[in-house]
Every structure is written in C-alpha cells, then in structure tokens.
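What follows is a set of notes on a single structure, which appears directly below.
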Amino acid sequence: MTTFDDRERAFEAKFAHDQDMQFRVTARRNRLLGEWAAAAMKLTPAETDAYRKAVVQADFEEAGDEDVVRKVLGDLISAGTDLDEAAVRTALAEKSAEARRQIMHES
C-alpha cells in the first residue's frame, strides 16, 4: 500500500464523516424548527411530535431549504399566526446553529 492510497482513503473517510455530520445537523435543525413552529401554532405534545417528523420529511422533497421554509410558512399562515417568511428564515438560521452545537456537544 502506498502513501497515496492511504491519503486517498483518509480523504474519503473524512468526506463520508462530514456528509454524515451535515445530514445529522440538518435533520436536528428541522426537528427544532418543527418544535418552534408547533409552539407558535399552539399544538398539543402529540401534534408537536408528528409535526416535527413532518418537517423533517419535507426536507426530502427537493434540494436546499426552500421545501422546509415553504411547508413551515404555509402551516403557520394556515394556523393564523402573524409570522412571516423572514421570521421562518431567522428561526431556521438560529435552529441550524443550535443543532450544530448540540451535535458537536454529543460527539
């Protein structure tokens, strides 16, 4: 085995690890955003749990965060809250930082 092969394997392992971490942070962020939105809509604990899962699932519709923003914003508007897209995007950024801190603390 050559040094080049070792380096290649190390880079591949790091890439896989980074991708796994990013997936975990994004899923955690979406759950936290779902909890935030559920609190704004005054959902029951059982409804909050289901809603968190629905927000995580919404992220698989398309690449990027637009599918999550669209779902949460639509649900907040349907529930009659006065929150707008800017509030959702701000919460998304805050929950992303919080999720990253939580994941890093667990590691």
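Rule-based calculations on the coordinates, nothing more; no lab input. On a predicted model such as this, the values are computed, not experimentally measured, just so you know. Every residue, glycine among them, receives a Cβ derived from its backbone with ideal geometry; neighbour counts consider all protein chains shown.
Just a few scattered comments:
- Among the lysines of the range 3-106, pairs at least eight places apart or on separate chains and with Cα atoms under 21 Å apart come to 6.
- Packing-based exposure ordering (other Cβ within 10 Å, fewest first) of Lys53, Lys14: Lys14, Lys53
- Under the Karplus curve 6.51 cos²θ - 1.76 cosθ + 1.60, θ = phi - 60°, whole-Hz ³J(HN,Hα) for the range 37-48, x wherever Gly or Pro sits: 5, 4, 5, 5, 8, 6, 7, 6, x, 5, 5, 4
- Kirkwood-based shape ratio for the range 3-106, expressed as Rg/Rh from alpha carbons: 1.12
- Exposure proxy shown here: for Ser107, Ser96, the number of other Cβ atoms within 10 Å sets the order, fewest to most, as Ser107, Ser96.
- Calculated from backbone phi, Karplus (6.51, -1.76, 1.60) coupling profile of the range 61-74 in Hz, x at Gly/Pro: 6, 8, 5, x, 9, 4, 5, 5, 4, 4, 5, 5, 4, x
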